Amino acid sequence: MEMVLLTALGVGGATVIGSVVGFIFKNITHKFSDIVLSFAAGVMLAAAVLGLILPSLEYGGRFGLLITVVGIFAGALCLNLIDKLVPHLHKLVGADIEDHRNANLSKTLLFVMAIAIHNLPEGIAAGVGFGSNNTTQAMIIAGGIALQNIPEGMVIIGPMLAAGVSKSRTFICAMLTGLVEVAGTLIGYFAVSVASFILPFALALAGGTMLYVISDEMIPETHVHGGERGATYALLAGFCLMLIMDVALG
(Lines give C-alpha, C1' and ligand atoms only; values in the text may rest on other atoms or scores of the structure.)
Protein backbone atom coordinates (compact mmCIF):
# COMPACT_ATOMS: atom_id res chain seq x y z
CA MET A 1 0.00 0.00 0.00
CA GLU A 2 2.87 2.37 0.80
CA MET A 3 4.27 1.76 -2.67
CA VAL A 4 0.90 2.62 -4.23
CA LEU A 5 0.66 5.86 -2.23
CA LEU A 6 4.19 6.89 -3.17
CA THR A 7 3.50 6.07 -6.80
CA ALA A 8 0.25 8.05 -6.75
CA LEU A 9 2.07 11.07 -5.35
CA GLY A 10 4.86 10.64 -7.89
CA VAL A 11 2.48 10.39 -10.85
CA GLY A 12 0.51 13.43 -9.72
CA GLY A 13 3.66 15.30 -8.72
CA ALA A 14 5.04 14.96 -12.24
CA THR A 15 2.37 17.42 -13.40
CA VAL A 16 3.56 19.88 -10.75
CA ILE A 17 7.16 19.41 -11.90
CA GLY A 18 6.05 20.15 -15.44
CA SER A 19 4.27 23.31 -14.28
CA VAL A 20 7.45 24.53 -12.58
CA VAL A 21 9.30 24.03 -15.86
CA GLY A 22 6.44 25.91 -17.56
CA PHE A 23 6.98 28.88 -15.23
CA ILE A 24 10.68 28.94 -16.12
CA PHE A 25 10.08 28.64 -19.88
CA LYS A 26 6.83 30.54 -20.43
CA ASN A 27 7.15 30.94 -24.20
CA ILE A 28 7.62 27.37 -25.38
CA THR A 29 7.62 27.11 -29.19
CA HIS A 30 5.05 24.92 -30.94
CA LYS A 31 7.82 22.81 -32.44
CA PHE A 32 9.42 22.02 -29.09
CA SER A 33 6.05 21.45 -27.44
CA ASP A 34 4.99 19.06 -30.22
CA ILE A 35 8.19 17.03 -29.91
CA VAL A 36 7.88 16.73 -26.13
CA LEU A 37 4.18 15.86 -26.33
CA SER A 38 4.83 13.27 -29.07
CA PHE A 39 7.56 11.68 -26.97
CA ALA A 40 5.04 11.48 -24.14
CA ALA A 41 2.50 9.91 -26.52
CA GLY A 42 5.02 7.21 -27.44
CA VAL A 43 5.65 6.51 -23.77
CA MET A 44 1.92 6.25 -23.12
CA LEU A 45 1.40 4.01 -26.15
CA ALA A 46 4.02 1.55 -24.94
CA ALA A 47 2.69 1.66 -21.38
CA ALA A 48 -0.84 0.96 -22.63
CA VAL A 49 0.16 -1.96 -24.84
CA LEU A 50 2.95 -3.56 -22.80
CA GLY A 51 1.72 -2.78 -19.31
CA LEU A 52 -2.06 -3.02 -19.64
CA ILE A 53 -3.37 -4.67 -22.80
CA LEU A 54 -0.94 -7.62 -23.03
CA PRO A 55 -1.32 -8.43 -19.29
CA SER A 56 -5.09 -8.27 -19.78
CA LEU A 57 -4.79 -11.02 -22.39
CA GLU A 58 -2.61 -13.04 -20.02
CA TYR A 59 -4.88 -12.75 -16.98
CA GLY A 60 -8.08 -13.19 -18.97
CA GLY A 61 -7.57 -16.91 -19.36
CA ARG A 62 -9.88 -18.74 -21.74
CA PHE A 63 -11.83 -15.61 -22.68
CA GLY A 64 -8.84 -13.28 -22.51
CA LEU A 65 -9.09 -12.02 -26.08
CA LEU A 66 -12.80 -11.22 -25.82
CA ILE A 67 -12.41 -9.53 -22.43
CA THR A 68 -9.50 -7.44 -23.68
CA VAL A 69 -11.19 -6.28 -26.87
CA VAL A 70 -14.41 -5.39 -25.03
CA GLY A 71 -12.42 -3.63 -22.32
CA ILE A 72 -10.46 -1.51 -24.82
CA PHE A 73 -13.61 -0.31 -26.55
CA ALA A 74 -15.36 0.24 -23.21
CA GLY A 75 -12.49 2.46 -22.06
CA ALA A 76 -12.56 4.48 -25.26
CA LEU A 77 -16.35 4.85 -25.15
CA CYS A 78 -16.27 5.96 -21.51
CA LEU A 79 -13.80 8.73 -22.30
CA ASN A 80 -15.75 9.66 -25.41
CA LEU A 81 -18.88 9.98 -23.26
CA ILE A 82 -17.03 12.18 -20.77
CA ASP A 83 -15.83 14.35 -23.66
CA LYS A 84 -19.43 14.91 -24.70
CA LEU A 85 -20.97 15.43 -21.26
CA VAL A 86 -18.37 17.59 -19.54
CA PRO A 87 -17.68 21.06 -21.01
CA HIS A 88 -13.99 21.50 -21.87
CA LEU A 89 -11.64 22.39 -24.70
CA HIS A 90 -9.23 20.08 -26.48
CA LYS A 91 -7.05 22.93 -27.73
CA LEU A 92 -6.29 26.48 -26.76
CA VAL A 93 -5.24 29.01 -29.40
CA GLY A 94 -2.81 31.34 -27.71
CA ALA A 95 -2.78 33.99 -30.44
CA ASP A 96 -6.13 35.45 -29.35
CA ILE A 97 -5.43 35.67 -25.64
CA GLU A 98 -4.03 39.21 -25.59
CA ASP A 99 -6.99 40.68 -27.47
CA HIS A 100 -9.79 38.79 -25.71
CA ARG A 101 -8.45 38.19 -22.23
CA ASN A 102 -11.73 37.60 -20.40
CA ALA A 103 -13.13 35.25 -23.03
CA ASN A 104 -9.91 33.31 -23.21
CA LEU A 105 -9.71 33.04 -19.45
CA SER A 106 -12.81 30.83 -19.63
CA LYS A 107 -11.27 28.91 -22.54
CA THR A 108 -8.10 28.42 -20.53
CA LEU A 109 -9.99 27.02 -17.56
CA LEU A 110 -11.88 24.67 -19.88
CA PHE A 111 -8.55 23.58 -21.33
CA VAL A 112 -7.27 22.83 -17.82
CA MET A 113 -10.48 20.88 -17.19
CA ALA A 114 -9.76 18.79 -20.27
CA ILE A 115 -6.37 17.85 -18.86
CA ALA A 116 -7.94 17.02 -15.50
CA ILE A 117 -10.57 14.82 -17.20
CA HIS A 118 -7.91 12.78 -18.92
CA ASN A 119 -5.69 12.61 -15.86
CA LEU A 120 -8.33 10.57 -14.03
CA PRO A 121 -8.21 7.50 -16.31
CA GLU A 122 -4.42 7.78 -16.50
CA GLY A 123 -4.31 7.61 -12.72
CA ILE A 124 -6.71 4.67 -12.74
CA ALA A 125 -4.36 2.93 -15.20
CA ALA A 126 -1.46 3.38 -12.79
CA GLY A 127 -3.51 2.00 -9.90
CA VAL A 128 -4.89 -0.94 -11.85
CA GLY A 129 -1.33 -1.92 -12.76
CA PHE A 130 -0.61 -2.70 -9.11
CA GLY A 131 -3.61 -5.03 -9.00
CA SER A 132 -1.69 -7.54 -11.11
CA ASN A 133 0.85 -7.95 -8.26
CA ASN A 134 3.62 -7.37 -10.81
CA THR A 135 5.31 -4.42 -9.11
CA THR A 136 7.92 -3.98 -11.83
CA GLN A 137 5.30 -3.78 -14.56
CA ALA A 138 3.17 -1.45 -12.46
CA MET A 139 6.13 0.88 -11.88
CA ILE A 140 6.86 0.95 -15.62
CA ILE A 141 3.25 1.98 -16.31
CA ALA A 142 3.35 4.63 -13.59
CA GLY A 143 6.73 5.86 -14.82
CA GLY A 144 5.42 6.20 -18.36
CA ILE A 145 2.38 8.14 -17.20
CA ALA A 146 4.53 10.38 -15.02
CA LEU A 147 6.82 11.10 -17.98
CA GLN A 148 3.91 12.27 -20.12
CA ASN A 149 2.50 14.35 -17.25
CA ILE A 150 5.53 16.65 -17.32
CA PRO A 151 4.77 18.21 -20.73
CA GLU A 152 1.09 18.39 -19.77
CA GLY A 153 2.05 20.47 -16.76
CA MET A 154 4.25 22.64 -18.96
CA VAL A 155 1.55 23.54 -21.48
CA ILE A 156 -0.91 24.72 -18.80
CA ILE A 157 1.23 27.58 -17.55
CA GLY A 158 1.81 29.89 -20.53
CA PRO A 159 -1.84 30.24 -21.63
CA MET A 160 -3.10 30.81 -18.09
CA LEU A 161 -0.55 33.52 -17.35
CA ALA A 162 -1.30 35.18 -20.69
CA ALA A 163 -5.01 35.10 -19.88
CA GLY A 164 -4.40 37.16 -16.73
CA VAL A 165 -4.46 34.40 -14.10
CA SER A 166 -2.08 35.10 -11.21
CA LYS A 167 0.98 32.90 -10.76
CA SER A 168 -0.34 31.46 -7.50
CA ARG A 169 -3.73 30.50 -8.97
CA THR A 170 -2.05 29.09 -12.07
CA PHE A 171 0.12 26.87 -9.90
CA ILE A 172 -2.90 25.77 -7.84
CA CYS A 173 -4.76 24.78 -11.03
CA ALA A 174 -1.77 22.73 -12.18
CA MET A 175 -1.56 21.09 -8.76
CA LEU A 176 -5.26 20.22 -8.82
CA THR A 177 -4.89 18.41 -12.16
CA GLY A 178 -2.13 16.39 -10.51
CA LEU A 179 -4.33 15.60 -7.49
CA VAL A 180 -6.97 14.21 -9.87
CA GLU A 181 -4.37 11.69 -10.99
CA VAL A 182 -3.53 10.77 -7.39
CA ALA A 183 -7.24 10.08 -6.77
CA GLY A 184 -7.45 8.00 -9.95
CA THR A 185 -4.48 5.87 -8.92
CA LEU A 186 -6.09 5.04 -5.58
CA ILE A 187 -9.48 4.33 -7.21
CA GLY A 188 -7.89 1.93 -9.70
CA TYR A 189 -5.90 0.11 -7.02
CA PHE A 190 -8.80 -0.35 -4.60
CA ALA A 191 -11.18 -1.39 -7.39
CA VAL A 192 -9.07 -4.36 -8.46
CA SER A 193 -8.07 -5.16 -4.87
CA VAL A 194 -11.69 -5.48 -3.74
CA ALA A 195 -12.79 -7.40 -6.84
CA SER A 196 -9.73 -9.12 -8.30
CA PHE A 197 -11.85 -10.99 -10.88
CA ILE A 198 -12.34 -7.73 -12.79
CA LEU A 199 -8.58 -7.28 -13.23
CA PRO A 200 -8.37 -8.40 -16.91
CA PHE A 201 -11.26 -6.13 -17.88
CA ALA A 202 -9.92 -3.25 -15.78
CA LEU A 203 -6.48 -3.52 -17.40
CA ALA A 204 -7.99 -3.44 -20.89
CA LEU A 205 -10.34 -0.59 -19.91
CA ALA A 206 -7.42 1.50 -18.67
CA GLY A 207 -5.46 0.66 -21.82
CA GLY A 208 -8.40 1.71 -23.98
CA THR A 209 -8.67 5.09 -22.28
CA MET A 210 -4.97 5.74 -22.87
CA LEU A 211 -5.21 4.73 -26.53
CA TYR A 212 -8.17 7.07 -26.90
CA VAL A 213 -6.25 10.02 -25.45
CA ILE A 214 -3.23 9.32 -27.67
CA SER A 215 -5.27 9.10 -30.87
CA ASP A 216 -7.92 11.71 -30.18
CA GLU A 217 -5.82 14.33 -28.38
CA MET A 218 -2.07 13.97 -28.48
CA ILE A 219 -1.23 12.89 -32.03
CA PRO A 220 -3.60 15.36 -33.77
CA GLU A 221 -2.32 18.22 -31.58
CA THR A 222 1.30 17.49 -32.54
CA HIS A 223 0.60 17.35 -36.28
CA VAL A 224 -0.98 20.75 -36.93
CA HIS A 225 1.98 23.12 -36.57
CA GLY A 226 4.22 21.86 -39.37
CA GLY A 227 6.51 19.70 -37.26
CA GLU A 228 4.84 16.35 -37.82
CA ARG A 229 8.03 14.62 -39.00
CA GLY A 230 9.90 15.46 -35.81
CA ALA A 231 6.81 14.60 -33.79
CA THR A 232 6.62 11.16 -35.41
CA TYR A 233 10.22 10.32 -34.57
CA ALA A 234 9.74 11.64 -31.04
CA LEU A 235 6.78 9.27 -30.60
CA LEU A 236 8.93 6.37 -31.81
CA ALA A 237 11.69 7.39 -29.40
CA GLY A 238 9.26 7.43 -26.47
CA PHE A 239 7.85 4.04 -27.44
CA CYS A 240 11.31 2.50 -27.80
CA LEU A 241 12.46 3.92 -24.47
CA MET A 242 9.60 2.16 -22.71
CA LEU A 243 10.27 -1.01 -24.72
CA ILE A 244 13.90 -0.98 -23.56
CA MET A 245 12.83 -0.40 -19.94
CA ASP A 246 10.33 -3.26 -20.15
CA VAL A 247 12.95 -5.70 -21.47
CA ALA A 248 15.65 -4.50 -19.06
CA LEU A 249 13.46 -4.66 -15.96
CA GLY A 250 11.18 -7.53 -16.98
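Kindly check whether there is at least one residue in segment 157-164 that is within 26 Å of Val128 (Cβ to Cβ) and of a type in the set (Gly, Ala, Ser).
Restricting attention to segment 157-164, the residues satisfying the condition of being within 26 Å of Val128 (Cβ to Cβ) are none.
Among the residues of segment 157-164, not one is within 26 Å of Val128 (Cβ to Cβ) and of a type in the set (Gly, Ala, Ser), which makes the answer no.
Quick one: which of Val165, Val128 is over 28 Å from Lys31 (Cα atoms) and aliphatic (A, V, I, L, M)?
Values: Val165 fails: over 28 Å from Lys31 (Cα atoms).
Matching residue, one of Val165, Val128: Val128.
With open to solvent by less than 30 Å² (accessible area, probe 1.4 Å), in a helix (DSSP H, G or I) and within 17 Å of Glu152 (Cα to Cα) as the only criterion, which of Gly188, Gly178 stands out?
Gly178
Check Ile219, Ile172 and return the single one that is out of contact with any helix residue (DSSP H, G or I) (no Cβ under 9 Å at 6 or more places or on another chain), open to solvent by 50 Å² or more (accessible area, probe 1.4 Å) and not small (Gly, Ala, Ser).
Ile172
Return yes when Leu65 is assigned to a helix (DSSP H, G or I), among the aliphatic types (A, V, I, L, M) and buried (at least 17 other Cβ atoms within 10 Å of the Cβ) and no when it is not. Don't jump to the end; show me each part of the working.
Values: assigned to a helix (DSSP H, G or I): yes; among the aliphatic types (A, V, I, L, M): yes; buried (at least 17 other Cβ atoms within 10 Å of the Cβ): no.
Here the answer is no, as Leu65 does not meet what is asked.
Which one of Ala195, Ala162 is closer than 27 Å to Ser19 by Cβ, out of contact with any Pro (no Cβ under 9 Å at 6 or more places or on another chain) and among the small types (Gly, Ala, Ser)? Full working, then the answer.
Working: Ala195 fails: closer than 27 Å to Ser19 by Cβ.
After ruling out the rest, the residue left standing is Ala162.
Quick grid of which residues meet (1) more than 14 Å from the chain's Cα centre (by Cα); (2) at pLDDT 80 or above; (3) more than 20 Å from Ser38 (Cα to Cα):
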{"residue": "Ile97", "(1), (2), (3)": "yes, no, yes"}
{"residue": "Leu105", "(1), (2), (3)": "yes, no, yes"}
{"residue": "Thr108", "(1), (2), (3)": "yes, no, yes"}
{"residue": "Met113", "(1), (2), (3)": "no, no, yes"}
{"residue": "Leu161", "(1), (2), (3)": "yes, no, yes"}
{"residue": "Ser168", "(1), (2), (3)": "yes, yes, yes"}
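For segment 155-164, which positions are open to solvent by 10 Å² or more (accessible area, probe 1.4 Å) and either assigned to a helix (DSSP H, G or I) or acidic (Asp, Glu) (or both)?
First, pick out the residues of segment 155-164 that are open to solvent by 10 Å² or more (accessible area, probe 1.4 Å): 155, 158-159, 161-162, 164.
Hits for segment 155-164 are Val155, Gly158, Pro159, Leu161, Ala162.
Identify, by number, the condition in (1) within 15 Å of Ala46 (Cβ to Cβ); (2) open to solvent by 60 Å² or more (accessible area, probe 1.4 Å) that Lys167 doesn't meet.
With respect to (1) within 15 Å of Ala46 (Cβ to Cβ); (2) open to solvent by 60 Å² or more (accessible area, probe 1.4 Å), Lys167 is out only on (1).
What about Phe171, is it touching a residue at least 24 places away in the same chain (Cβ under 8 Å) and of a type in the set (Phe, Trp, Tyr)? Spell out the reasoning first.
Working: touching a residue at least 24 places away in the same chain (Cβ under 8 Å): yes; of a type in the set (Phe, Trp, Tyr): yes.
Yes.
The values are calculated or read from the model by the stated rules, or taken from the named source; none is laboratory data. This structure is a prediction, so every number in the text was calculated from the model and none was measured. Every residue, glycine among them, receives a Cβ derived from its backbone with ideal geometry; neighbour counts consider all protein chains shown. These area figures cover heavy atoms from the full protein model, side chains too; ligands, DNA and RNA do not enter into them. Shrake-Rupley method; radii C 1.70, N 1.55, O 1.52, S 1.80 Å.
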